[in-house]
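Some notes on the structure that comes next.
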Amino acid sequence: MEATAKVSSIFIYPVKSCRGISVSQAPLTPTGFRWDRNWLVVNYKGRAYTQRVEPKLALVEIELPDEAYSEGWEPTKNSFMSKISVKFYVIFSASMIQCSLSFTEIKAPGMSVLKISLMKPSEVAEGVSVWEWSGSALDEGAEAAKWFSDFLGKPSQLVRFNSASETRLIDPNYAPGHKTMFSDLFPFMLISQGSLDALNQLLKEPVPINRFRPNILVEGCEPFSEDLWTEIRISKFTFEGVKLCSRCKVPTINQDTGIRGTEPNETLMKIRSDKVLRPNKKQQGKIYFGQNLVWKENPSEGHGKLVKVGDPVSVLKKVSSAAEAAA
């Protein structure tokens, strides 16, 4: 089958609502790309912090060892989330060589560098919640809690999804049987470069793709064609397009400064609202940009489960209009 598009970028967001990482490849798991939204910052009640209420989280930059994106790699006691830093204060690099870490240390006013082991902690935090889900999670400890508490100026804690004891199922109305970790609702989100370009032509100040926080950016297709995709193949993997991505106010937050504005949502309301795209459906005052995906295959043991930049994207099934798409 002839490819419709190709993967131009892959993004992983290890800590929910913090800065993403652009990678050349990412291992697939049933709950999303490996490491994506594995960690969550919560308040003293265990409730998730997101950029909706704490836009400063956009400034927190994460790095993982390069090996973390290789298929089959497992962390050791010497493996760390390379650095957690604040963009305004420090930029760093780290590499892992034969299970020992080599750091470029850069001092900075305000915040020190925080290292988090990629080995799962043993302590458990009860009463963690994000959207409709609540349960227990793994507690990353006092040092991480103090770091985020100091940064946000309020009691905070860093927790990790405990896949050994917890399951977060996706809404069965859209993807029965599928699950995710700390993402909003679905394990993958795709946007086309054509859609971003079409939007930017209407904005006085163009916005980068990081405003929309996708996992997969594709190029080579018509603007908003992803609205129609209900089944696609990326390389040899089949994904289902299960729901148009409705947007909250996060796209209005400049990811370089953490400052909120009004665009692009004002423009999206004019061209991508349910009133425009779905005039005969129930109106909810929503705007849409991107397509939520689940990985269709039942994963089995074996190698080769990597999505890579440059992979071809073929459309296997689609609807004829956005009004027919699930939303």
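Here is how the numbers come out for the structure above:
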| quantity | calculated |
| --- | --- |
| Rg(Cα)/(2.2 N^0.38 Å) for the chain, N = residue count | 0.98 |
| Ratio of Rg to Rh over region 256-326 (Cα coordinates, Kirkwood Rh, two decimals) | 1.10 |
| 5 angstrom amide H check on residue 261, placed H, neighbours 5+ away | 253, 254 |
| Phi-based couplings in Hz for region 126-132 (Karplus 6.51, -1.76, 1.60; Gly and Pro marked x) | 8, x, 7, 9, 9, 6, 7 |
| Relative contact order computed over region 116-155 (Cα-Cα under 8 Å; 6+ residues apart), in percent | 32 |
| Mean Cα-pair separation over length for the chain, i.e. relative contact order, pairs under 8 Å, 6 or more apart, % | 22 |
| Residue-normalised accessible area of the chain, expressed per residue, 1.4 Å probe, Å² | 45 |
| Alpha carbon Rg of region 120-192, scaled by the compact-globule rule 2.2 N^0.38 Å | 1.28 |
| Karplus 3J(HN,Hα) series, Hz, for region 215-223 with 6.51 cos²θ - 1.76 cosθ + 1.60 (x for Gly, Pro) | 8, 10, 10, 10, 9, x, 10, 5, x |
| Note, ³J(HN,Hα) from phi for region 237-253, Karplus 6.51, -1.76, 1.60, rounded to Hz, x at Gly and Pro | 9, 9, 10, 9, x, 10, 6, 4, 7, 7, 9, 8, 8, 4, x, 7, 8 |
| For residue 49, distant residues with modelled amide H under 5 Å away | 41, 42, 43 |
| Relative packing of 119-125, 280-286, 28-34, which averages over residues the other C-beta atoms within 10 Å, highest first | 28-34, 119-125, 280-286 |
| Accessible-area composition of the chain, carbon plus sulfur, in percent [1.4 Å probe] | 50 |
| Relative contact order %, region 1-82, counting alpha carbon pairs below 8 Å whose residues are six or more apart | 28 |
| Convex hull projection area averaged over all views, region 3-56, Cα basis, nm² | 5.3 |
| Inter-centroid distance (Cα atoms) of region 123-158 relative to region 247-271, Å | 27 |
| Equivalent-ellipsoid semi-axes of region 246-295, from the Cα gyration tensor, Å, largest first | 23, 15, 7 |
| Calculated over region 96-248: convex hull of Cα atoms, volume per residue (Å³) | 218 |
| Entries in 249/308; 6/286; 6/249; 281/317; 77/115 that, when Cα-Cα distance is taken, lie over 19 Å | 249/308; 6/286; 6/249; 281/317 |
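The values are calculated or read from the model by the stated rules, or taken from the named source; none is laboratory data. Because the structure is predicted, anything quoted here is derived from the model rather than measured. FYI the Cβ positions are ideal-geometry reconstructions off the backbone, even for glycines, and counts take in every protein chain you see. When the accessible area is computed, the model is the full protein with side chains, heavy atoms only, and any ligands, DNA or RNA have been set aside. Shrake-Rupley method; radii C 1.70, N 1.55, O 1.52, S 1.80 Å.
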